[in-house]
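Here is the structure we will look at, set down as structure tokens.
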Amino acid sequence: MVRGRGATPAVEDVRLPAPGPGELRVRIRAAGICHSDLAMVDGTVAPAYPLVLGHEATGVVAEAGPGTRLAVGTPVVLNWAPACRACWHCRHGEPWLCAANTGASVARGETADGGPLQVTLGLGALAEEVVVPERAAIEVPAGLPPEQAALLGCAVLTGTGAVRNTARVAPGESVVVIGLGGVGLAVLTAARRAGAGPILAVDVAEAKRDLALAAGATDFLRSDDTLAKEVRARTEGRGVDHAFECVGRSVTIRAAWRSTRRGGAVTVVGMGGKDDLVSLSALDIFHSARTLRSSVYGSSDPDREVPELAAALADGSLDLAPLVSGAIPLDEAPAALDRLARGEGARWVVTFPD
Ligand SMILES: [Zn+2]
Ligand SMILES: [Zn+2]
């Protein structure tokens, strides 16, 4: 939990309400630590505090409120953008933009001393338990490795959806992925599954090389001023068909833009700050004929796509082990946030004993 903008996260006791009508209490088995959690700590996305962090998790239904469908004991993956199925976006095939999901934090429960409490994206999943609307819980098969299944709820759904739904990468197309956190590595894995090639992985940290190659990259490049030139050298001088920016900074969005061929597409997956402006010339926009777009939650419908990914995890056709840097107990989560901020590792996943 984090008490205020920029405060040091700490493990604290909180009180959650009993599940009301249409709500579930879910016992968390594993919860990933995402870059968006850092954005919650430093206030980039302006949540309210005190705030329980965490929005990428798997668990088991522990208590079912009145009028719910899922039985106690059902394994689930949590969904931080559950679709209302009634708003304009939901009715027009864009459930990832559901108008019912507003704000980075939602009031739920109270602190140990009785004060108001917020939970990240309606979940607050870096915790032993959550109370959530049933539509935020997606049933998955029993027996999945929890530290991999947790990633289906954010990094993997986002990365896979960016490749399949937003960019629609086709076999043989060339791809560059800039920023190799959990989402960037998931983009690499999805690009390989899509039959793309070459798949160029880019990061400032040389230590990401082996992770990138294990996740699906064909080449690893250090991020620096010569990036666009090096990408062109590997794509017959053109630049890639698809660039994925998984950092959320103007400098890397521009690097992605310059690394893409004329007529190619840049997909921004990273979430950046509102004061970080991207500058492109009017002539460049016209002449390059490139597309610049964003991918929110992988332009995905989690109710349909999480079960598909879970099935692939179950049958072994999807292996997320390269994305998991380590399973840690909850009291090591604050230190893992620091490591993530320093760019160390891929995904640190908090696991809870059965
Ligand atoms: Zn996330
Ligand atoms: Zn909606």
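Each reported figure results from applying straightforward, stated rules to the coordinates on display, with no laboratory input. Note that the coordinates shown come from a computational prediction; the quantities given were computed from them, not determined experimentally. Cβ atoms come from the backbone with ideal geometry, glycine included; neighbour counts cover every protein chain shown.
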Checklist entry - Which residues' amide hydrogens lie under 5 Å from the amide hydrogen of Arg108, considering only partners 5 or more residues apart or on another chain, with H built in the peptide plane? => result Leu117, Gln118, Val119
Checklist entry - Non-local amide H neighbours of Ala196 (under 5 Å, H modeled in plane, Pro and chain starts lacking H): which ones? => result Gly172
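Find out how many positive minus negative residues lie around Ile253, taking Lys and Arg as positive, Asp and Glu as negative, among other residues whose Cβ is under 12 Å from that of Ile253.
On the way: positive: Arg249, Arg254, Arg258, Arg290, Arg293; negative: Glu245, Asp276.
Summing Lys/Arg as +1 and Asp/Glu as -1 gives +3.
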Checklist outcome for this item: Over the chain, the sum of -39500 (n - 2.57) across DSSP H runs of at least four, divided by residue number and rounded to 500 deg cm²/dmol, gives at 222 nm -6500 deg cm²/dmol
Checklist entry - Arg304 to Asp354: extension gain in nm, 0.36 nm per residue of separation minus the Cα-Cα distance? => result 15.2 nm
Checklist entry - What residues have an amide H closer than 5 Å to that of Val266, excluding those fewer than 5 places away on the same chain, when H is modeled at 1.01 Å from N in the peptide plane? => result Ala243, Thr291, Leu292, Arg293
Checklist outcome for this item: The FRET efficiency for Glu344 and Phe286, from their Cβ-Cβ distance with R0 = 35 Å and rounded to 0.05, is 0.25
Next on the checklist: Nearest 10 degrees is fine. How inclined is helix 302-315 to the longest principal axis of the chain, computing both from alpha carbons?
Outcome noted: 80
Next on the checklist: Need one number: nm distance between label points at Leu213 and Arg262, each 7 Å from Cα along Cα→Cβ, rounded to one decimal.
Outcome noted: 3.6
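If the viscosity is 0.890 mPa s and the temperature 25 °C, what Stokes-Einstein diffusion coefficient in µm²/s follows for the chain when Rh is the Kirkwood radius over Cα pairs?
Working: Rh = 20.5 Å.
Approximately 120 µm²/s, per Stokes-Einstein.
For Asp331 and Val204, calculate 0.36 nm times their separation in residues minus their Cα-Cα distance, and state this gained length in nm to one decimal. If you can, show how the numbers build up before the last one.
On the way: separation 127, 0.36 × 127 = 45.72 nm, distance 2.89 nm.
Result for the pair: 42.8 nm of gain on full extension.
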Item to check | Net charge of neighbours whose Cβ lies under 14 Å from the Cβ of Leu16, counting Lys and Arg as +1 and Asp and Glu as -1 | outcome: -3
Checklist entry - With the contact rule set at Cα under 8 Å and sequence spacing of 6 or more, what percent relative contact order holds for the chain? => result 19
Checklist entry - What ranking, highest mean first, results for peptides 164-175, 114-125 when packing means the other Cβ atoms within 10 Å averaged over each residue? => result 114-125, 164-175
Checklist outcome for this item: Restricting to Cα pairs under 8 Å and 6 or more apart, the percent relative contact order of segment 156-297 works out to 24
Item to check | Net +/- balance of residues flanking Ala335 in space, Cβ distance below 12 Å, scoring K and R +1, D and E -1 | outcome: -2
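For Arg15 and Ala142, what is the calculated FRET efficiency with R₀ set at 22 Å and r taken between the beta-carbons, to the nearest 0.05?
Values: r = 30 Å, r/R0 = 1.35.
That gives a FRET efficiency of 0.15.
Quick one: order His89, His287, His35, His242 by neighbouring beta-carbon count within 10 Å, fewest to most.
Values: His89 16, His287 10, His35 23, His242 29.
Lowest count first: His287, His89, His35, His242.
About the Cα centre, and with charges only on the beta carbon of Lys, Arg (+1) and Asp, Glu (-1), how big is the dipole of the chain? Nearest 20 debye, please.
Roughly 1220 debye, rounded to the nearest 20.
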Checklist entry - What relative contact order, as a whole-number percentage, does segment 14-105 give when Cα pairs under 8 Å and 6 or more residues apart are counted? => result 28
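Can you give the FRET efficiency for Arg5 and Glu236, using 1/(1 + (r/R0)^6), R0 = 56 Å, r = Cβ-Cβ distance, to the nearest 0.05?
Details: r = 48 Å, r/R0 = 0.85.
Result of the calculation: an efficiency of 0.70.
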